[in-house]
1. Would you check which residues across the range 10-25 are touching a helix residue (DSSP H, G or I) at 6+ places or on another chain (Cβ under 9 Å) and aliphatic (A, V, I, L, M) and list them?
2. Taking into account only those residues within the range 135-152 that are within 17 Å of K172 (Cα to Cα) and of a type in the set (V, I, T), which is surrounded by the fewest Cβ atoms within 10 Å (Cβ to Cβ)?
3. Among residues belonging to the range 18-46 that are more than 22 Å from the chain's Cα centre (by Cα) and of a type in the set (S, T, N, Q), point out the one that is nearest to I170 (Cα to Cα).
4. Report, by residue number, each residue of the range 1-42 that is surrounded by 12 or more Cβ atoms within 10 Å (Cβ to Cβ) and among the β-branched types (V, I, T).
5. Kindly indicate whether V194 is at pLDDT below 95, exposed (fewer than 15 other Cβ atoms within 10 Å of the Cβ) and out of contact with any strand residue (DSSP E or B) (no Cβ under 7 Å at 6 or more places or on another chain).
Amino acid sequence: KNTSVIWTHFSSENDSQLATCNICKNKLSYKTSTSNLKKHMVSKHPTVAIGIDVAFLKPTKPSPKSLDSIVLEEVDIDGELLPREEIIGQNPTASTSTSTRVQLPSTRQLTISSLVPKKIPVGSKRKIDEQLLKLFTKDFQPFSIVEDTGFKEFVNELNPSYELPSRKTISKTLIPAKYEECLHLTKEKICNIVFALLRIHGPL
């Protein structure tokens, strides 16, 4: 899986070991390592901050010696579903295998994984980031909007798996990357126009 933050600036080709730079559209080989992609960003797009890889915390499994199982449940209180848990503990001092069950009233059972937001795919996050940038490039909103509590809650309600980029990430990484991409596309269009004029009218 492409979990490195470097994939914010690259798209992987299907069934190949090639990656396309989202800024200049160059194709690079990456195989099992992203070092070649990082070198490309440093040498070709030095104004774009790559960012720092962050390890995502994974929930630890309960010890089988102390717990037989943990079942998360929900209890309907005043119209709201609140997470509750049922713990089946094993008595380690007993000569025979016995357990004590604490039953909590609930409307339905949930698994642990159903309560943990799934990590959003890199491609999906990139698309959302693109739409987020329009707040600044089209609506001229301040970067600080991503730090506003109301805006954070609004985005979390829309997609709990999406993590808003920080103000620094927007100003040092996403905006410079978008600028480089637009600059490259503009140069490419100008070159195509000049080439077409030369074919029609010949050299000046």
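1. Listed by number, the residues that qualify are A19, I23.
2. T137
3. Once the filter is applied, the top-ranked residue is S43.
4. T3, V5, I6, T8, T20, I23, T34, listed by residue number.
5. Working: at pLDDT below 95: yes; exposed (fewer than 15 other Cβ atoms within 10 Å of the Cβ): yes; out of contact with any strand residue (DSSP E or B) (no Cβ under 7 Å at 6 or more places or on another chain): yes.
Answer is yes for this residue.
The values are calculated or read from the model by the stated rules, or taken from the named source; none is laboratory data. Note that the structure is a prediction, hence the values are computed from the model and not measured. We place every Cβ from the backbone using ideal geometry, glycine too, and count neighbours over all the protein chains shown.
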